[in-house]
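What follows is calculated from the coordinates using simple rules that are stated; it is not laboratory data. Only a predicted model underlies this, so the values are computations on that prediction, with no experimental measurement involved. Note that we place each Cβ from the backbone using ideal geometry, even for glycine, and neighbour counts take in every protein chain shown.
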Amino acid sequence: MTINEIQDEIIDEFSLFEDWSDKYEYIIDVGKKLPPLPEQYKTEAYKIKGCQSQVWMHSHLGEDGKVLFEGDSDAIIVKGLIGLLIRALSGQKPEDVAKANLYFIDKVGMSGHLAQTRSNGLASMVKQMKLDSLAYQAKLQAK
């Protein structure tokens with residue numbers, strides 16, 4: 001699936017919920033299903049700057065040349081946000097991740113319902129994922 005197809009799926013899932021308390025429950029559920037991040041990546045080197053809570057993100061290039069992301073947070077809502085970002089971007093080509101327009105964040109109304117500090121943290125996570133992807137894209141082009 002493409003990044004946009006996955007985003008459209010996420011938008012459809014959010015449309016099933018009437019109010020934001022249900023949407024938050026859904027985000028929390030996404031976070032609970034996120035595979036645990038190995039402890040070796042819960043270090044300063046993998047920490048996302050600009051997040052109020054502790055957030056760690058690790059990426060690597062799969063053998064198929066696609067970027068794989070994993071992450072974790074000490075805040076359950078943030079962990080759910082990480083899960084949604086990973087769902088949309090992991091397993092995609094580096095150039096697709098780097099140029100992705102993550103419109104699902106606005107379409108589901110997340111921008112208006114997250115505290116400013118959480119919105120800033122979300123933007124920092126997206127920025128890091130795109131920076132990692134640009135680095136992998138350059139690495140692949142250098143081969």
For a label point 7 angstrom out from the Cα of residue 9 toward its Cβ, which stretches of segment 98-123 have the backbone nitrogen within less than 15 Å? 104
Summed over the other residues with a beta carbon less than 14 angstrom from that of residue 13, with K and R at +1 and D and E at -1, the charge totals -4
If you take the Cα Rg of the chain and divide it by 2.2 N^0.38 Å, with N the number of residues, what do you get? 1.01
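Would you mind ranking 104, 14 so that the residue whose beta carbon has the fewest other beta carbons within 10 Å leads the list? If you can, show how the numbers build up before the last one.
On the way: 104 22, 14 18.
In increasing order of surrounding Cβ atoms, one gets 14, 104.
Among 34-46, 123-135, 85-97, how do they line up by average Cβ neighbours within 10 Å per residue, starting with the highest?
Numbers: 34-46: 12.2, 123-135: 18.4, 85-97: 20.4.
For the peptides 34-46, 123-135, 85-97, the packing ranking is 85-97, 123-135, 34-46.
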Segment 14-30 - phi-based ³J(HN,Hα) in whole Hz, Karplus 6.51/-1.76/1.60, Gly and Pro as x: 5, 5, 6, 9, 6, 10, 6, 5, 5, 5, 5, 4, 5, 4, 4, 4, 4
Only helices counted: for the chain, with every DSSP H run of 4 or more residues adding -39500 (n - 2.57) and the sum spread over all residues, [θ] at 222 nm is -17000 deg cm²/dmol
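How large is the dipole of the chain about the Cα centre if only Lys and Arg carry +1 and Asp and Glu carry -1, each at its Cβ, rounded to the nearest 20 debye?
Values: 17 positive and 21 negative charges, 142 e Å.
That gives the chain a dipole magnitude of about 680 debye.
Can you tell me, using C-alpha contacts under 8 Å and at least 6 residues apart, the relative contact order of segment 3-142 as a whole percent?
Values: 183 pairs, mean separation 40.1, N = 140.
The value is 29 percent.
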Karplus-derived 3J(HN,Hα) from phi for segment 63-80 (6.51 cos²θ - 1.76 cosθ + 1.60, θ = phi - 60°), whole Hz, x at Gly and Pro, runs 4, 7, x, 9, 7, 10, 10, 9, x, 7, 8, 8, 10, 5, 5, 4, 4, x
